[in-house]
Amino acid sequence: MPLPWRTARLVERADETATARTLVLDAPGWPGHLAGQHVDIRLTADDGYQAARSYSLAAPADGARLELGVEPVTGGEVSPYLADDLPIGASVEVRGPLGNWFVWRPEQDEPVLLVAGGSGVVPLMAMVRAHRRAASTSPFQLIHSVRGEADLWYRAELGAGDPALDVRFLYTRQAPPGSTRAAGRLMAADLEPALKRLTPTGTVYVCGPTGFVEAAADLLTSAGQDPATIRTERFG
Amino acid sequence: MTEVSPHVDGNSLAGPLSDIFSVDMTRASWRCPGCGSTGPLAELHVYGPEPGLTARCADCSRVALRLVRNGEDTWLTLGGAEGPFRFRTAQQAQG
């Protein structure tokens, strides 16, 4: 169905890392959305040139409030502007909600494993928050792979010890002092304990840069996880 | 520095295809006529957005769908790489 472009105003910007930002938009008339869905954001320059890009929603439906996670792409047309230059109070056009494949619905009661690479944590965070808001008792696990501690998103929230969520951080370049796991890319041993806790009907959501998602999906299927239970979203 | 990979996936087509199809096409399943691999459109490899969006088989890169839009026209190629349908959508009519 054609979805309208709506006007949304930037009301808040917060730093997640040195470069990554959480943006909060106010979108009057927003019809709501599911965890995992995204929106298209469109900017129009003075000369009429338009550029649109997709951004995942970081939080479940909450009236007109839309929370996005933006990691600026070097040389990108849209993300650096959204991340740091769009003034508070300024408007963009937003279309959505989009995507019915990479979603988690509170009615799902099977165990879930979320595997996030860098900014891929954004739509998975919407799932974490939706799971918490629904007071769901289905087992939820999150593995968040980042270069170093400074690259962690949602540090305070994910470090808070939510009993409904099992969180593991994995560092690819620099592990913090005292880490039991040496820095390095995601490997089979990282997924083994998590997969043991997924029953045969468990669902895995993998999101992040294309290379990360494809490597993770390969590790999962090699470990015996049914490909039909794995949902992926590649950010590029 | 964030590395930019050459492709994303069909989840990114949800918006552009919402102007054309009355169903959510990202969940449509597709069997590649070249290599036989199957899966939802959401998991095809998508290249673009310039000069348009090209969705390819994740295994053999055969073109599944191509979508090009300029200000007034949409060109949609379904399967194969030739013979686009050309039309205007309601979004474009509104300007």
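Derivation of every value follows stated rules applied to the coordinates shown; laboratory data play no part. None of these values were measured; they are calculated from a predicted model. Neighbour counts are summed over all protein chains in view; Cβ atoms, including those assigned to glycine, are modelled from backbone coordinates with ideal geometry.
What to note about this one:
- Scanning the range A:160-214 for residues that are touching a strand residue (DSSP E or B) at 6+ places or on another chain (Cβ under 6 Å) and β-branched (Val, Ile, Thr) yields A:Val167, A:Thr172, A:Thr203, A:Val204, A:Val206, A:Thr210, A:Val213.
- Taking the range A:2-20 as the range and being under 18 Å from A:Gly69 (Cα atoms), away from chain B (no Cβ under 13 Å) and not acidic (Asp, Glu) as the test, the residues that pass are A:Ala8, A:Arg9, A:Leu10, A:Val11, A:Arg13, A:Ala14.
- Of the strands (runs of 3 or more DSSP E) contained entirely in the range B:1-78, those carrying at least 2 residues that are out of contact with any Pro (no Cβ under 9 Å at 6 or more places or on another chain) and surrounded by fewer than 20 Cβ atoms within 10 Å (Cβ to Cβ) fall at B:38-40.
- Selection from the range A:39-81 of residues that are away from chain B (no Cβ under 14 Å) and either part of a strand (DSSP E or B) or crowded, with 21+ Cβ neighbours inside 10 Å (or both): A:Ala58, A:Ala59, A:Pro60, A:Arg65, A:Leu66, A:Glu67, A:Leu68
- Looking only at the range A:88-100, and only at residues there that are out of contact with any strand residue (DSSP E or B) (no Cβ under 6 Å at 6 or more places or on another chain) and within 14 Å of another protein chain (Cβ to nearest Cβ), the one that is surrounded by the most Cβ atoms within 10 Å (Cβ to Cβ): A:Pro97
- When A:Glu233, A:Glu157, A:Glu214 are checked against the criterion of being of a type in the set (Asp, Glu) and part of a strand (DSSP E or B), a single residue qualifies: A:Glu233.
- Flag for A:Pro31 being part of a loop (DSSP other than H, G, I, E, B), over 28 Å from B:Pro40 (Cα atoms) and more than 20 Å from the chain's Cα centre (by Cα): no
- Residue within the range A:182-199 that is out of contact with any Pro (no Cβ under 9 Å at 6 or more places or on another chain), within 14 Å of chain B (Cβ to nearest Cβ) and not in a loop (DSSP other than H, G, I, E, B) present: no
- Filter result (outside any strand (DSSP E or B) and crowded, with 16+ Cβ neighbours inside 10 Å) within the range A:137-154: A:Ser138, A:Pro139, A:Asp151, A:Leu152, A:Trp153, A:Tyr154
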